[in-house]
Amino acid sequence: MQRVNQAHVSDRTVQKTRHHRNSLYHEAAQLLVSYRKIIKGQYTEDDLKMLLRETFIAPENQDVLFELYWIVQIIKQQTENSQLYLMDGGQNKVAAWEDNSRIYHLYHDSSGSDSVIFHIPSREIAGNNHPYLQQKHQSLEATKDLTQDIFGRNVTSHLWRGRPDFLIEVYEKATNRLTELTIGEVKNTSRVEYAATGLEELVEYLYLVKDRKGNYLMNSDVTVQGMLCLDQIAVDSKSFGMVNVLSRSNRRSHL
């Protein structure tokens, strides 16, 4: 997908293009007319239906839609002046905003910027004397060799790697230093068992995420916290130490 530079198109140009012989041009012009009418509050039900039918991009599954629901709630709670980004499959930055002293970056389905690391290479346990870690390292190395032999592919052997549902990186304006990291795990479920799996994944993220130098953030001066977002599961409280639990079934646990 390529980004298109923004440019102002006058109403006169749009009206002329609506009668262009090329169907792509006149359909695009009609969409722009409908969009401008909606922005001005001058629209009909047919205008809304056409714009949604032609321009709305639906997520591939409901879980992604549920993740985006919580992301929208977070943005609405945090700020009224966020800069939104095109979700084009790159680094998946969704939004950025700032206050007097900090800058916030929110990512969806992403391991974030190069300030954080969500993987641990197998070499970190090479030479360890613990029997389980020895066997684990050997299994990873064997998988690497077999992948090369069978599929002709070179792969990097990882002890652990992750990709959170969403991240919020917070930087100090004066120093551009990472000061806070919120890691979010979203489970579109009403089953406690599945929610508990999400909690396990979230806590693992909290303890294993590193900074760019390879140091665990949990042991640094960066504030690391988690956010578990659920559907119809009631919880007694919102805050549980380093983890906040948000549920659609419990109003007091909403953002």
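The values are calculated or read from the model by the stated rules, or taken from the named source; none is laboratory data. These numbers were taken from a predicted model, which means no experiment stands behind them. A quick note on method: Cβ atoms are made from the backbone with ideal geometry, for glycine too, and the neighbour counts reach across all protein chains shown. Accessible surface is based on the protein model in full, side chains and every heavy atom, while ligands, DNA and RNA are left aside. Shrake-Rupley method; radii C 1.70, N 1.55, O 1.52, S 1.80 Å.
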Query raised in the report: What's the number of the condition T147 fails, among (1) surrounded by 12 or more Cβ atoms within 10 Å (Cβ to Cβ); (2) of a type in the set (S, T, Y); (3) under 24 Å from Y205 (Cβ atoms)?
Result: (3)
Query raised in the report: Considering only residues of region 221-237 that are among the aliphatic types (A, V, I, L, M) and part of a strand (DSSP E or B), which is modelled with the lowest pLDDT?
Result: L230
Report task. Count, please, the residues in region 97-126 that happen to be over 18 Å from D165 (Cβ atoms) and among the aliphatic types (A, V, I, L, M). Result -> 4
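To keep it simple, each residue is scored yes or no on (1) open to solvent by 50 Å² or more (accessible area, probe 1.4 Å); (2) modelled with pLDDT of 90 or more; (3) at positive phi; (4) among the aliphatic types (A, V, I, L, M).
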| position | (1), (2), (3), (4) |
| --- | --- |
| W70 | no, yes, no, no |
| K76 | yes, yes, no, no |
| S101 | yes, yes, no, no |
| I120 | no, yes, no, yes |
| E124 | yes, yes, no, no |
Query raised in the report: Can you find a residue in region 199-210 that is of a type outside the set (A, V, I, L, M, F, W, C), at pLDDT 95 or above and assigned to a strand (DSSP E or B)?
Result: yes
Requested in this report: Tell me, yes or no, whether region 184-196 has at least one residue that is open to solvent by less than 60 Å² (accessible area, probe 1.4 Å), in contact (Cβ under 8 Å) with a residue 60 or more places away in the chain and hydrophobic (A, V, I, L, M, F, W, C).
Outcome: yes
Query raised in the report: Given the conditions (1) over 14 Å from S115 (Cα atoms); (2) in contact with a His (Cβ under 9 Å, 6 or more places away or on another chain), which single one is not true for V170?
Result: (1)
Report summary line: So, first residue within 26 Å of P121 (Cβ to Cβ) and in contact (Cβ under 8 Å) with a residue 60 or more places away in the chain in region 213-230, second residue open to solvent by less than 20 Å² (accessible area, probe 1.4 Å) and assigned to a strand (DSSP E or B), Cβ within less than 6 Å, six or more apart or across chains; the pairs are L217/V224
Report summary line: region 70-188: strands (runs of 3 or more DSSP E) wholly inside it with 3 or more residues that are within 30 Å of A234 (Cβ to Cβ) are 102-108, 166-172, 177-187
Query - Failed criterion for R177 (all others in (1) open to solvent by less than 60 Å² (accessible area, probe 1.4 Å); (2) free of Cβ contacts under 8 Å to residues at least 12 places away in the same chain; (3) under 30 Å from F240 (Cα atoms) hold) - result: (1)
Requested in this report: Find all pairs meeting these conditions: Cβ atoms under 6 angstrom apart; at least six residues apart or on different chains; first residue within region 37-60 and closer than 24 Å to S10 by Cβ and modelled with pLDDT of 70 or more; second residue open to solvent by 100 Å² or more (accessible area, probe 1.4 Å) and in a loop (DSSP other than H, G, I, E, B).
Outcome: K37/Y43
Report summary line: All conditions in (1) assigned to a strand (DSSP E or B); (2) touching a helix residue (DSSP H, G or I) at 6+ places or on another chain (Cβ under 9 Å) are true of M218 except (1)
Report task. Looking at (1) surrounded by 12 or more Cβ atoms within 10 Å (Cβ to Cβ); (2) free of Cβ contacts under 8 Å to residues at least 40 places away in the same chain; (3) not acidic (D, E), find the lone condition where H130 falls short. Result -> (1)
